[in-house]
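Reviewing the structure listed below.
Every read-out reported here was derived from the displayed coordinates using simple, explicitly stated rules and does not represent laboratory data. The structure displayed is predicted, hence computed values, not measured ones. No Cβ is skipped: glycine too gets one built from the backbone with ideal geometry, and neighbour counts run over all protein chains shown.
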Ligand code: HEC
Ligand code: HEC
Ligand code: HEC
Ligand code: HEC
């Protein structure tokens, strides 16, 4: 029984992989429209959803991470910028969430919930994975756009393009104090 389950699981993964390859082909030619809800049992190619915001999207299920994130500098990153700089793409690209992407930060007036370095900067836009059943299934969540951040994620902003960069960024230390409590 156990063995046949494994065989079935492998077959499913292979099928999903092949279908995923075709799906990736298909989407690459069209506009990046977000797709409809993906059932956890079905893993097409990774689809990125829309940005929903840390408070509206993630807080209710991840209160611990939300509260500890709120105490980090990331949660106030937009406040470091003057009103003028908050409209300057060369500043907000690293001080907000999803700037430059179709559903990301635009301005304080239009998208206040995407100000600051929110959850989705590191974990990906949440609309397609922020469902309890999908979230519990790591592969399904990843297929719906969840990202598992690593040092490379941090270095998209913590680099010499930042006007105030000290020249040093130690991932292990920065992870301890800069993200949120990790279970
Ligand atoms: C309806 C509840 C719910 C919402 C909303 C939700 N999550 Fe989750 N999330 C879960 C559950 C349940 C798990 C799996 C158990 C756990 O790790 O807590 C999970 C797991 C995770 C994980 C670990 C996943 C893994 O497999 O590595 C991350 C990261 C995460 N969520 C981020 C987010 C972010 C970012 C948002 C907002 C865009 C969000 N979640 C919204 C319920 C939710
Ligand atoms: C979207 C850009 C962006 C990404 C990605 C990002 N950060 Fe930051 N980070 C900032 C900004 C902007 C500040 C300054 C906020 C402030 O001082 O109020 C900051 C500040 C910090 C600080 C406190 C100041 C310092 O340099 O010691 C730590 C620690 C930190 N980040 C860790 C991380 C880690 C770890 C990652 C990756 C897991 C990461 N950051 C990813 C933009 C980013
Ligand atoms: C490449 C990403 C990036 C860009 C672009 C960027 N910042 Fe930052 N900014 C950061 C990060 C990361 C930090 C925190 C660590 C550091 O100082 O590098 C930060 C910190 C700051 C701080 C706090 C410095 C301190 O010493 O506490 C200010 C102020 C700031 N940025 C203003 C700006 C302004 C103004 C612009 C646009 C001209 C800008 N940033 C563009 C990533 C960026
Ligand atoms: C600056 C990047 C960054 C931001 C912002 C961020 N996270 Fe994370 N998150 C991480 C990293 C790094 C890990 C650890 C991944 C690993 O190594 O397992 C993590 C792990 C997690 C996990 C799984 C481990 C655990 O603590 O349970 C959850 C759930 C999670 N984050 C939710 C959130 C939520 C909700 C927010 C917003 C309130 C958020 N994250 C904001 C970088 C970030």
So residue 97, is it surrounded by fewer than 16 Cβ atoms within 10 Å (Cβ to Cβ) and either within 16 Å of ligand 3 (Cβ to nearest atom) or over 15 Å from residue 56 (Cα atoms) (or both): no
Meets criteria (within 16 Å of ligand 3 (Cβ to nearest atom) and under 21 Å from residue 71 (Cα atoms)) for residue 119: no
Residue 141, sole failed condition from (1) touching a residue at least 24 places away in the same chain (Cβ under 8 Å); (2) more than 16 Å from ligand 3 (Cβ to nearest atom): (1)
Sole exception among (1) in a loop (DSSP other than H, G, I, E, B); (2) touching a helix residue (DSSP H, G or I) at 6+ places or on another chain (Cβ under 9 Å); (3) free of Cβ contacts under 8 Å to residues at least 60 places away in the same chain for residue 157, by number: (3)
